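Novice: Handing you a structure now.
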Amino acid sequence: MRVAPARWLRAALAAAVVATVCVSVFDLTVSERVVDRAVGVEQQHTARRALAVPEQFSRGQQRGGLVLAELLYAIGIAFIVAGLAILLGRTRRPAGRWLALSAAGAWCLAVVPALALPPLPPGAEAAASIDARRVTFVAAAAIATLGCVAAAWGWRRVGARRPAARLLAAAAPLAAAALIVEAALPADRLVNRVDSSLLRDFRLASFASQGLFWIACAAGGMVALRRPSGRSRGVLRGGDRDRRARGAEPGN
């Protein structure tokens, strides 16, 4: 079954809108409370210094920037998923393909990189520089992507008649990628002391926000793809009209 590119793009737009709304509501109502705690602790330490640098943006402006950033991020991710779906060609289950690509994106861009670079609240200073952390993220995402490609190859290679072997062929490369990132990439260390409860709450909120984003992105795209396209609706309406015409013929 060939899915028109426009249908994939409409699914991407729906996924981006759903993901932005869900994550923005969660972040503004839940995550921002933890961020406010972290900012308060950071300001207490800053106030002790002789020359405190004033904030360039208020917290309200930062929240507005957060929503805008989440919208742009959701649009970028959703259209990347749609582009990959188009490149993969025909499929009998477009919603299933969207789900698989969304799950792969979550694994490569959120789950595996977090093993090497867990989220840090404001005021926490990492030992590695920003450039080093960026390289670590790219390396973790690349390793995870290779694991996903190997998992997809193993899933297709092993027949559906052997479900246990098929599941193992897909799970083994994913687990191997996670273990390589955990063991080979440098661990992220803090150079300053951060309250353990604050660090825990911030990371939990960050993980929940990322999980909600990918679930909403997958669900929004799947719902949009499950709806009949305009051409399909036209064919269905045409068939109904033909059946009604045949029923109205004399002798029927």
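Novice: For the subset of segment 79-106 comprising residues that are closer than 30 Å to ASP188 by Cβ and in contact with a Ser or Thr (Cβ under 9 Å, 6 or more places away or on another chain), which member is surrounded by the most Cβ atoms within 10 Å (Cβ to Cβ)?
Specialist: VAL81
Novice: I've got another one for you. Quick one: what pairs do we get from segment 113-128, first residue touching a residue at least 40 places away in the same chain (Cβ under 8 Å) and within 19 Å of LEU185 (Cα to Cα), second of a type in the set (A, V, I, L, M) and surrounded by fewer than 16 Cβ atoms within 10 Å (Cβ to Cβ), C-beta under 6 Å, 6+ apart or different chains?
Specialist: GLU125/VAL191; ALA127/VAL191
Novice: For residues in segment 4-18 being at pLDDT 95 or above and of a type in the set (Gly, Ala, Ser), which is surrounded by the fewest Cβ atoms within 10 Å (Cβ to Cβ)?
Specialist: Checking each candidate, the answer is ALA14.
Novice: Tell me the residue from ALA144, ALA176, ALA171 that is aliphatic (A, V, I, L, M), more than 30 Å from GLN62 (Cα to Cα) and in contact with a Cys (Cβ under 7 Å, 6 or more places away or on another chain), please.
Specialist: ALA144
Novice: With the requirement that a residue be outside any helix (DSSP H, G or I), surrounded by 11 or more Cβ atoms within 10 Å (Cβ to Cβ) and out of contact with any strand residue (DSSP E or B) (no Cβ under 8 Å at 6 or more places or on another chain), what does segment 156-198 give you?
Specialist: Across segment 156-198, the qualifying residues are VAL158, ARG162, LEU185, PRO186, ALA187, VAL194, ASP195.
The values are calculated or read from the model by the stated rules, or taken from the named source; none is laboratory data. All values derive from a computational prediction rather than experimental measurement. Positions of Cβ are generated from backbone atoms using ideal geometry, with glycine treated the same way; all protein chains shown enter the neighbour counts.
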